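Everything below concerns the one structure shown next.
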Amino acid sequence: MMVNIGLLGCGRIGQVHARSIASLRSARLVAVADAFPDPAEALAAQSGAEVRSADAILSAADIDAVIIGTPTDTHYDLIHNAARNGKAIFCEKPVDMSADRIRDCMKAVSEAGVAFLTAFNRRFDPNFANVQRRIAGGEIGDVEIVTILSRDPSPPPVSYIKSSGGIFRDMMIHDLDMARFLLGEEPVQVYAVGSALVDLEIGKAGDVDTAAVTLTTASGKICQISNSRRATYGYDQRLEVHGSKGMLRAANMLENTVEMAGPNGFRAAPAKHFFLERYEAAYLAEMRHFVECLEAGRAPSPSIEDGLRAQLLADAATLSYSSGKPVTV
C-alpha cells in the first residue's frame, strides 16, 4: 500500500516531515500548501510534489492523509475539515491552546473514524523509547521518580513569546507528555514555579524563561521537570527514571563521541545545538510509525487524547505558577 500524503505548512517543521516522507518506500508526498507561495513552491521543487491550496488538499481524492504543520490557531478548522473529508491526520503539537476546542476536535475525529497522531516526536527518540520499553519490561521494577531536564540553547524572540501560550504550554508540554509516557500513570497534582532570569523582556511579556514542575500520581510516583530557555553548552535533553530495582538514564546527544583526556581531566564535545538535528531520528521514526499504522489499520500513538491530556497538564502548571498553589488535575 502506498500512503499518499498532503502537507499543510511548508515552514521549518514541514520541511522536516517532507524529508522523512521521502525516506519511506510506502509513502509519497503528493501536494503541499502554505499561506505564502515561496516556501510552498520551494518545497514542491525539492520534493516533486504539487502546490495546491489547503482546501484542495483536504478534499482531494488522491490524498489519504494530511500533515498539519501550520500555526496552532489554524489547527482547529483544519482538523475538522480533514475529518469531514475522511483524511488521516498527523498534527503538530499542541492540537489547540484550548482544552475545550481539543475536545471538539476529538469528537469530530471520533465521529469521522479517521486516524489521528499528535506529533510528540520525543516519544520516538531512540534513547527515550529504549528507556520506556525497558521500564515496561520491568527492568527497574516499579517506577518511583522521573527526572526530565530540557533546556534550549537560547530564548526565542519576545514577539514569539507573546503568542506562544507561555513556557508551560509551548516548551514544557513536550516534557509533560514524556512524563506520562514514562510514569505509566496519570499525574493527579501539579505544582509549578518559574522566573524570568534569562531575558527580563520575557517577564515583561508575561512569561517566564526558567521553570520547574513537580507532578504526582495517585499512587505517589513523582516526576520533576526542569526547563530553561538558555543553555550555554548546547541543546540539553536528558532524563532519568529511578525504580525499585534500579535506574535508567538517557544522556545528551553530543556533536561527536570523541573525548580528550589530559592533565586537567576529560573533555567531551558540546551537546547538539538545535532541536532539528537532536531529534532527526525521532522525526523519521514518528513518520514511519504513522505510515505503518495507516497501512496496518492500527490507531497511531500518541493519540488526540494524549494531546488533550498534555494540554490539561500544561494548563494546570500555568495555573499553579500564577496562583502559587498545587493544582489538582
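The values are calculated or read from the model by the stated rules, or taken from the named source; none is laboratory data. Values in this document were obtained by computation on a predicted structure and should not be read as measured data. Neighbour counts are summed over all protein chains in view; Cβ atoms, including those assigned to glycine, are modelled from backbone coordinates with ideal geometry.
Scanning the range 293-302 for residues that are surrounded by fewer than 17 Cβ atoms within 10 Å (Cβ to Cβ) and touching a helix residue (DSSP H, G or I) at 6+ places or on another chain (Cβ under 9 Å) returns R298, A299, S301. Residues in the range 139-195 that are of a type in the set (F, W, Y), over 20 Å from S98 (Cβ atoms) and crowded, with 20+ Cβ neighbours inside 10 Å: F181 only.
Looking across G165, G203, G141, G194, one residue alone is part of a strand (DSSP E or B) and of a type in the set (G, A, S). It is G194.
As for the range 99-120, it holds no residue that is hydroxyl-bearing (S, T, Y), modelled with pLDDT under 95 and within 15 Å of the chain's Cα centre (by Cα).
Yes/no per residue for (1) under 22 Å from the mean Cα position of the chain (by Cα); (2) within 21 Å of V30 (Cα to Cα); (3) not assigned by TED's automatic domain parsing to the domain that holds T217:
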position	(1), (2), (3)
D62	no, yes, yes
T72	yes, no, yes
N130	yes, no, no
G138	no, no, no
I161	yes, no, no
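Annotation: F290 fulfils all but one of (1) aromatic (F, W, Y); (2) within 25 Å of R238 (Cβ to Cβ); (3) crowded, with 20+ Cβ neighbours inside 10 Å; the unmet one is (2). Among the residues of the range 204-213, at least one is under 24 Å from the mean Cα position of the chain (by Cα) and among the polar types (S, T, N, Q).
The number of residues in the range 21-44 being among the small types (G, A, S), in contact with a strand residue (DSSP E or B) (Cβ under 9 Å, 6 or more places away or on another chain) and surrounded by fewer than 21 Cβ atoms within 10 Å (Cβ to Cβ) comes to 2. Here P94 qualifies as touching a Lys or Arg at 6+ places or on another chain (Cβ under 7 Å) and within 30 Å of E201 (Cα to Cα).
Of the strands (runs of 3 or more DSSP E) lying entirely inside the range 213-329, those containing at least 3 residues that are in contact (Cβ under 8 Å) with a residue 60 or more places away in the chain span 222-228, 236-243, 246-250.
The rows are residues; the columns are (1) under 29 Å from A18 (Cβ atoms); (2) of a type in the set (A, V, I, L, M, F, W, C); (3) at pLDDT 95 or above.
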| position | (1), (2), (3) |
| --- | --- |
| T214 | no, no, yes |
| S219 | no, no, yes |
| A261 | no, yes, yes |
| H289 | yes, no, yes |
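Scanning the range 234-281 for residues that are under 30 Å from E144 (Cβ atoms) and of a type in the set (D, E) yields D236, E240.
In the range 11-95, which helices (runs of 4 or more DSSP H) lie fully inside it and hold 2 or more residues that are hydroxyl-bearing (S, T, Y)? Where helices (runs of 4 or more DSSP H) fall fully within the range 11-95, none carries at least 2 residues being hydroxyl-bearing (S, T, Y). Selection of the range 168-191 for residues being part of a loop (DSSP other than H, G, I, E, B) and not acidic (D, E) yields M171, M172, G184. What about A60, is it among the small types (G, A, S) and crowded, with 20+ Cβ neighbours inside 10 Å? No; evaluated as a whole, the condition is false for this residue. Within the range 64-76, does at least one residue satisfy the condition of being closer than 18 Å to L294 by Cα, surrounded by fewer than 18 Cβ atoms within 10 Å (Cβ to Cβ) and not hydrophobic (A, V, I, L, M, F, W, C)? The answer is no, given that none of the residues of the range 64-76 is closer than 18 Å to L294 by Cα, surrounded by fewer than 18 Cβ atoms within 10 Å (Cβ to Cβ) and not hydrophobic (A, V, I, L, M, F, W, C). For the condition touching a Phe, Trp or Tyr at 6+ places or on another chain (Cβ under 8 Å) and either within 23 Å of F274 (Cβ to Cβ) or without any contact (Cβ under 8 Å) to a residue 12 or more places away in the chain (or both), I21 does not qualify. Show the residue pairs that are 6+ apart or on different chains and have beta-carbon atoms under 6 Å apart, the first residue being within the range 70-95 and within 16 Å of S53 (Cα to Cα), the second being small (G, A, S) and in a loop (DSSP other than H, G, I, E, B). Close Cβ pairs (under 6 Å, with a partner that is small (G, A, S) and in a loop (DSSP other than H, G, I, E, B)) amount to T70/G9.
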